[in-house]
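Each remark here refers to the structure printed beneath this line.
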Amino acid sequence: MFSRDLRGSLGLTANQLMILQPTRVIRRKGIELSIELVRRLRLPQNQRRLLGKEARLVITHRAGDEGTEYMEELQAKAAVVKVPLIYAATRFGSRAALVNHRKIYSLWDAYVQADFGTYPSRYEGFGNALLESIYFRMPLMVNRYNVYIADIAPLGFDLVEITGEITDQTVDGVVQAIIDPVRRHYMVEYNYQLALDHFSYEAITPQLRALLGDP
């Protein structure tokens, strides 16, 4: 499986945490909040809690849909606060493949290998990456955007929630999800089952049939 050597190919060692931002680089994704989270995870007191491991932020999707200004701002911010930012868009494709003797990984490989995911979007139509993260049993931080508040949060998912800022409580929740295997297991398995109950094909098929008037 390609995913086994993904971390090494991105320059990550066994003593580094892969914090995954599985989205495009556009302003509404709020990626500066992910940088702030990683900055705080790298503070000495939190590194000790993380058993000496250093967090690094990996971005999987391309910039450019809205120009490159936002990407340049993120790179500058990360440099100022000394957050290692790995922009790895060229390493990921729609499926794993070998192109000109170079491995291209699928996004699924990233979900499998990540220690934690960030989804700090300020607004979304729904949130496909959120459901993908849950499917791959990755613990996740999510910003409380409007659709999440209205349609997802009421279902009771166990996520590290923020409201536009990274707080001490946010950092505590993320650290626990990373270092505590019992907490992590409960969190991801509970979310996976809840997503099956509400968003699987079996769950939505009756609703689609009703909407389409299909008996």
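Here are some notes:
- Whole-Hz ³J(HN,Hα) from phi, Karplus 6.51 cos²θ - 1.76 cosθ + 1.60, for the stretch 112-129, glycine and proline x: 5, 8, 6, 7, 6, x, 10, 9, x, 4, 7, 7, 8, x, 8, x, 4, 5
- Global form of the stretch 127-206, assessed from the alpha-carbon gyration tensor, a/c cut-off 1.5: oblate
- Solvent exposure of the chain as accessible area per residue, Å², 1.4 Å probe: 52 Å²
- Dividing the summed helix terms, -39500 (n - 2.57) for each DSSP H run of n ≥ 4, by the number of residues in the chain produces a 222 nm estimate of -12500 deg cm²/dmol to the nearest 500.
- Bridging of LYS77 to lysines at a Cα separation below 18 Å is possible for LYS29, once same-chain residues fewer than 8 apart are set aside.
- Along its three principal directions, the equivalent ellipsoid of the stretch 93-139 from the Cα gyration tensor extends over semi-axes of 24, 13, 9 Å, largest first.
- Highest mean first, the peptides 24-31, 113-120, 75-82 sorted by other C-beta atoms within 10 Å per residue fall in the order 113-120, 24-31, 75-82.
- Counting only alpha carbon atoms, the long axis of helix 168-179 and the longest principal axis of the chain meet at about 90°.
- Checking the cross-link pairs LYS82/LYS103; LYS53/LYS103; LYS53/LYS82 against a 24 Å limit on the alpha carbon distance flags LYS82/LYS103; LYS53/LYS103 as lying beyond it.
- With 0.36 nm allotted per residue and the present C-alpha distance subtracted, the VAL99-VAL182 stretch has 25.9 nm of extension available.
- Folded to 0 to 90 degrees: helix 69-80 orientation relative to the chain principal axis, Cα: 50 degrees
- Close amide H partners of THR23, meaning residues 5 or more places away or on another chain with modelled amide H under 5 Å apart, are THR60, HIS61.
- Computed from backbone phi, the HN-Hα couplings of the stretch 151-159 come to 10, 10, 4, x, 6, x, 5, 9, 10 Hz, rounded to whole numbers (Karplus: 6.51 cos²θ - 1.76 cosθ + 1.60, θ = phi - 60°; Gly and Pro given as x).
- Degrees separating the helix 181-199 axis from the principal Cα axis of the chain, which is the longest one: 30 degrees
- Inverting the pair-averaged 1/r between distinct Cα atoms of the chain gives 18.1 Å as its Kirkwood hydrodynamic radius.
The values are calculated or read from the model by the stated rules, or taken from the named source; none is laboratory data. Quantities reported herein were computed from a predicted structural model and do not represent experimental measurements. Methodologically, a virtual Cβ is constructed for each residue, glycine included, from the backbone with ideal geometry; neighbour enumeration extends over all protein chains shown. Areas reflect the complete protein model, heavy atoms only, side chains present, ligands, DNA and RNA absent. Shrake-Rupley method; radii C 1.70, N 1.55, O 1.52, S 1.80 Å.
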